[in-house]
Amino acid sequence: MITINGEAKINLTLDILGKRPDGYHEVSMVMQSVSLYDTLQLERIPEGIELSIDVPWLKADDKNLAYRAAALLLAHSRVQGGVRIHLTKRIPMAAGLAGGSADAAAVLRGVNALYELGLSVDELCELAGRLGSDIPFCVRGGTMLATGRGEVLRRLPPVPAFWVVLAKPPISVSTAWAYQHYDAEGAERHPDNDAMCRALAAGSREELAPLLCNVLESVTIKQYPVIAAYKEQMMQQGVLASMMSGSGPTVFGLLETREAAERLAAALREKTDADVFVCHTTQEDYV
């Protein structure tokens, strides 16, 4: 048996450049892994895939990304055997944090290790891209510029270390819904990813903070004003920057110290009905 974690992500930037002929959107975004994670235990079994999850309402069938990742890799590598997976969820679902993608990426890495398949990270990312646009990033982790539909990755200088407070309101947002509505509404401000890359190269929190930008805020906040309220509360509490991650609805704040993060989390738990998590930025060593 092996145990492997799948880390959540936040977006430091998210831009949509247009619709692609294949129906996906062309994106350009800086993605960052954080220390909030799901845990997966994997063990060999003679055949098949057995998936169990500690969240009763979450389906553990062949529609689940973790199941699909196992099926894809076992078939691709013609493995004579199966895998039993137990998933412990901590990353909230439909939250803009890539929880399902993190699980799928962890399964790809885990089955590769469990059966000593020897696939490279590039090979795992190619398989990951067949399952979902965020999964290649979740295989690699760290700080990345993601382009194409999200699967074309370029490693960036590590983000300056931040403590991160995540606040997820008691709503769920469909990524497909957000992108569909963005097509009609557009956004007033777009990220400057070149400037963000320069700020990362300089290792400057002060340069980085004002560059956070997510065009999907213009869509999701109109439907769920609570997101803007969370951002305002975080800014009033002195965060360096606050933004919605992905298609939402989770809002994050960046802080320099754990003490400041814990104070903000306590205030949010007292004043809102959000699920609140304290974590920090990470740099994966699986490169």
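The values are calculated or read from the model by the stated rules, or taken from the named source; none is laboratory data. Just so it is clear, the model here is predicted, and its values are computed rather than measured. Virtual Cβ from ideal backbone geometry, glycine too; neighbours counted across all protein chains shown. For accessibility, only protein heavy atoms count, side chains too; no ligands or nucleic acids. Shrake-Rupley method; radii C 1.70, N 1.55, O 1.52, S 1.80 Å.
Checking the condition open to solvent by 10 Å² or more (accessible area, probe 1.4 Å) and in contact (Cβ under 8 Å) with a residue 40 or more places away in the chain, which residue from R154, R140 passes?
Details: R154 fails: in contact (Cβ under 8 Å) with a residue 40 or more places away in the chain.
Just one listed residue meets the conditions, R140.
Give segment 220-269 a look and list any residue that's of a type in the set (S, T, Y), under 18 Å from the mean Cα position of the chain (by Cα) and closer than 16 Å to W177 by Cα, or say none. Explain how you work it out, then say what you get.
Going through segment 220-269, the residues of a type in the set (S, T, Y) turn out to be 220, 224, 230, 242, 245, 247, 250, 257.
The next check asks that each one be under 18 Å from the mean Cα position of the chain (by Cα); those that pass are 220, 242, 245, 247, 250.
Selection gives T220, S245, S247, T250.
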Revision key, fill the gap. Residue pairs within 8 Å by beta carbon, gap of at least six or interchain, first lying in segment 70-86 and free of Cβ contacts under 8 Å to residues at least 60 places away in the same chain and closer than 14 Å to A128 by Cα, second open to solvent by less than 60 Å² (accessible area, probe 1.4 Å) and part of a strand (DSSP E or B), listed first then second, are A70/I49; A70/L51; A70/V83; A70/I85; A71/I49; L74/I49; L74/G82; L74/V83
Review point. Name the pairs: first residue in segment 178-205 and under 16 Å from P157 (Cα atoms) and at pLDDT 95 or above, second residue open to solvent by less than 80 Å² (accessible area, probe 1.4 Å) and of a type in the set (V, I, T), Cβ to Cβ under 8 Å, at least 6 apart or on different chains?
Key: N193/T13; N193/V30; M196/T13; M196/V30; C197/V30; L200/V30; L200/T143; L200/V159
Practice item. Considering every residue within segment 44-54, establish whether at least one is under 20 Å from the mean Cα position of the chain (by Cα), of a type outside the set (D, E, K, R), surrounded by fewer than 17 Cβ atoms within 10 Å (Cβ to Cβ) and not in a helix (DSSP H, G or I). Key: no
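Identify, please: which residue in segment 67-120 is of a type in the set (K, R) and under 30 Å from P169 (Cα atoms) and is, among those, surrounded by the most Cβ atoms within 10 Å (Cβ to Cβ)?
Taking segment 67-120 as the starting set, the residues that turn out to be of a type in the set (K, R) are 68, 78, 84, 89-90, 109.
Filter again for under 30 Å from P169 (Cα atoms), leaving 68, 89-90.
Details: R68: 20, K89: 16, R90: 16.
The qualifying residue surrounded by the most Cβ atoms within 10 Å (Cβ to Cβ) is R68.
Do you know which residues across segment 94-128 are at positive phi and in contact with a Phe, Trp or Tyr (Cβ under 8 Å, 6 or more places away or on another chain)?
Within segment 94-128, A98 is the sole residue that qualifies.
Within the bounds of segment 157-167, is there any residue that is assigned to a helix (DSSP H, G or I) and not hydrophobic (A, V, I, L, M, F, W, C)? Before the answer, list the steps.
So the first thing to find is which residues in segment 157-167 are assigned to a helix (DSSP H, G or I), and the list is none.
Within segment 157-167 (the criterion being assigned to a helix (DSSP H, G or I) and not hydrophobic (A, V, I, L, M, F, W, C)), the answer is no, since none of the residues qualifies.
Please count how many residues of segment 19-43 are in a loop (DSSP other than H, G, I, E, B) and not charged (D, E, K, R).
Within segment 19-43, the subset in a loop (DSSP other than H, G, I, E, B) is 20-24.
With the extra rule that they be not charged (D, E, K, R), the set shrinks to 21, 23-24.
Qualifying residue count, segment 19-43: 3.
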